[in-house]
Structure formats: C-alpha cells, structure tokens
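*Asks:* Below is a structure I'd like to ask you about.
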Amino acid sequence: MTTLATYTETRTVSYRQALYEALREEMEYDDSVVLIGEDFANGGAFGVVGDLPDRFGEERVIRTPISENSYVGVGVGAAMTGLRPVVEIMFMDFMTLAMDQIVNHAAKIHYMYSGQYNVPLVVRTPAGAGRGYGASHSQSLESWLLHVPGIKVVAPSDPADAKGLLKSAIRDENPVVFIENKLLYPKEGPIDDSQPAIPLGSARIRMEGEDITIASYGRMLDMSLEAADLLAAEGVYCEVIDLRTLKPLDIVTLTSSVQHTGRFVFVEEGTGGVGAEVCSQVMERCSSYLKGRVVRVAARDVPIPSSGPLEKRVIPQVADIINGCLDSLRVD
C-alpha cells in the first residue's frame, strides 16, 4: 500500500488578515459567534472586520452607537444567554468607559451565580503608541486587567499567534480581553493552515540563549528580538520569551529559563505594571538562581505625547532594552 505524502499550505499574511480569518472561520464554524461594535460599516477602525458585515448580515455583525459601557453590557448579557460575542472597543483607552461591565460583571458573574452562568465573551481592542494619536488614544492598560480575577488577557505578537489565540479566546468559556498592538496590523508572517488553535496560557521561546532571559509580548517582542541580535554580536546571548498570554501566565516556561540564565529582563510598552507582577513572581521562584538584577524596561510615567520624537522618548526603544540587559549583567 502506497502512503501519499501530506502537504500543508503555508501562507504569508498580515496580522490584520490573520485576525479577520480567525473571526470569519469561527463565525462559519459556530452560529453563536456574533460581532458587536462601532464603525463596522467601514470594516472596523483598523480594518479587521473587513467584509464580515456583508457575509453574515446585521443579526450577527451588530453595529452600535458610540457607547462602550452599553454595548459591552449587551455582550455580557448575550454571553450569559448562549451566544459567543466578540466585542470590539475601538481604542484600548476607551475600555475605561466599560470597566464596570468588564470588571464588575463579566469577570464575576460565573462566581456570583455559583457556576450557573458562563460568560464566553471576547473583548478585542487595539492598544499602544507610535501613530501620534496622543495621550488618550495611545495607552497600554493591560496591567489594570491583570489583577481582576475571572478575566483572561491575551496579547499576540505575530500573525500566526494572533489567529490561533483568537480562535482559542472565542472558544473559551471565560471572558477574554484580546489586545492587538496598532503597529502590528500590517506586520506579515507565515501561517500554516493546518495549525490548530493555540492554547491560552502558553508562552513561546523565540530565541534561545544562556546569558539573560528577556520576556515580552506584543510589539515589544520584535524590539526585544532586535536587541538580542545586537547583543549576540557582542557575545551576550539572550533567551527571548514571548508571553503571548498575560493571564494565565506561563510561569513554568519563565522560571525554567531564568533558572538556566540567572538573569531576567522584562519589556513592556505600558508603565510597568505587568512587569511588576511578572518580575515579582519570577523572583519568588528563582531568587536562589539569580546572578544579577531583575530589570524592568517600560514606558516613562508620563502621558503619551502626539509628537513622534517625543513618543520615542516615552516608549521603550531597542537601546533601552540593551541597556536593561547590560544593567542585569553589571556586578555591583
């Protein structure tokens, strides 16, 4: 008997296209998946929704007024009654308007009703600076959500992870906040069409090394890899870990790496809250293995400017990551 070889198709797609494909495929697979949000007539604020309003109609792609607290509340109620809503908040900054629904309702209903209800809700939102949008349209607020029991937080850094993690988020029985950095939308990368959904809570080692562990996520992951390449040219070899999911945190992968390298640098675009939690957990588990300072590289504690040069002064750059790594190597 002759066994035919199996070939899988690998395509190059953008981060934006990968998210669109995840939404389309999940909507085709499961009639309970619905989209809720603003500006869908134009494909969404950053074009992710694309032609889904035409494909699935107004009963499954629901256009809303500009009222985040209201339509996230609609999503919570829909999730409680058997649907799987994917709610889009146009900018992460506007999540502040819906924090009551996310923090006091979506996150707690399963517990307050003793498991009688699940809330399989996904809140998608673009985050981050770099486009000159100013202080109220450029923030990374994921650290706010890390400390809320009942919410999962996801932040992919490339197209394959964006697609695989969004599929898992939609299928999850819990509320998930899915963070998409604005500057990643045009980023291209390979996608294997046979790839299954990626489990939430699993980090990925992007580069192996023995001197320093660098952990990051989202847009800062690319900067971390660039910094690691430059350091490798000078004989310092970094292990770079992409968290992918911030909550639940893959602390096993992190601590295993830090026990190997003895040094830890965390990089984030926000003002340091995610790093505070991750570094604390690493130190609790790895204090006896550490050979250098644990370092956080994060945004400065100021509102994000509109000016491009000033944005770069506020948000971590490759040089900042390199300096953080050199700091971790320094012997006092």
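*Asks:* D93 is checked against (1) more than 15 Å from V122 (Cβ to Cβ); (2) in contact with a strand residue (DSSP E or B) (Cβ under 6 Å, 6 or more places away or on another chain) and fails just one. What number does that condition carry?
*Replies:* Condition (2) is where D93 drops out.
*Asks:* Failed condition for L52, given (1) touching a residue at least 12 places away in the same chain (Cβ under 8 Å); (2) surrounded by fewer than 18 Cβ atoms within 10 Å (Cβ to Cβ); (3) touching a Lys or Arg at 6+ places or on another chain (Cβ under 9 Å), with all others met?
*Replies:* Just one mismatch for L52, condition (2).
*Asks:* Could you say whether any residue in region 312-326 is of a type outside the set (V, I, T), buried (at least 19 other Cβ atoms within 10 Å of the Cβ), out of contact with any helix residue (DSSP H, G or I) (no Cβ under 9 Å at 6 or more places or on another chain) and not in a loop (DSSP other than H, G, I, E, B)?
*Replies:* No - not one qualifying residue is present in region 312-326.
*Asks:* Do you know which residues across region 43-97 are part of a helix (DSSP H, G or I), charged (D, E, K, R) and closer than 24 Å to G134 by Cβ?
*Replies:* Within region 43-97, E68, D93 meet the criteria.
*Asks:* Same structure, new question: For region 175-224, enumerate the residues that are of a type in the set (K, R), in a helix (DSSP H, G or I) and within 24 Å of C238 (Cα to Cα).
*Replies:* Scanning region 175-224 gives a single hit, R219.
*Asks:* Under the condition of being polar (S, T, N, Q) and either free of Cβ contacts under 8 Å to residues at least 24 places away in the same chain or in a loop (DSSP other than H, G, I, E, B) (or both), which residue from region 271-309 is nearest to L249 (Cα to Cα)?
*Replies:* The qualifying residue nearest to L249 (Cα to Cα) is S280.
*Asks:* Can K312 be described as over 23 Å from the mean Cα position of the chain (by Cα), charged (D, E, K, R) and within 25 Å of D229 (Cβ to Cβ)?
*Replies:* no
*Asks:* Could you say whether any residue in region 285-303 is in contact with a strand residue (DSSP E or B) (Cβ under 8 Å, 6 or more places away or on another chain), among the charged types (D, E, K, R) and over 20 Å from L326 (Cα atoms)?
*Replies:* So far as region 285-303 goes, no, none of its residues is in contact with a strand residue (DSSP E or B) (Cβ under 8 Å, 6 or more places away or on another chain), among the charged types (D, E, K, R) and over 20 Å from L326 (Cα atoms).
*Asks:* Would you pick out the residues in region 122-174 that are assigned to a helix (DSSP H, G or I) and either small (G, A, S) or not assigned by TED's automatic domain parsing to the domain that holds L83 (or both)?
*Replies:* Listed by number, the residues that qualify are S143, A160, A162, G164, S168, A169.
*Asks:* Name every residue in region 205-218 that is closer than 23 Å to A162 by Cα, surrounded by 18 or more Cβ atoms within 10 Å (Cβ to Cβ) and in contact (Cβ under 8 Å) with a residue 40 or more places away in the chain, in order of residue number.
*Replies:* I214, A215, S216, Y217, G218
*Asks:* I'm checking my understanding of the structure. Among residues of region 237-271 that are touching a Cys at 6+ places or on another chain (Cβ under 7 Å) and β-branched (V, I, T), which one is surrounded by the fewest Cβ atoms within 10 Å (Cβ to Cβ)?
*Replies:* The qualifying residue surrounded by the fewest Cβ atoms within 10 Å (Cβ to Cβ) is T255.
*Asks:* Scan V302, V274, V294 and give me the residue that is closer than 22 Å to L145 by Cα and either polar (S, T, N, Q) or buried (at least 16 other Cβ atoms within 10 Å of the Cβ) (or both).
*Replies:* Going through V302, V274, V294 in turn, the sole match is V274.
The values are calculated or read from the model by the stated rules, or taken from the named source; none is laboratory data. What you are looking at is a predicted structure, and each value in this text was computed from that prediction instead of being measured. Counting neighbours? That spans all protein chains shown, and the Cβs are built from the backbone with ideal geometry, glycine included.
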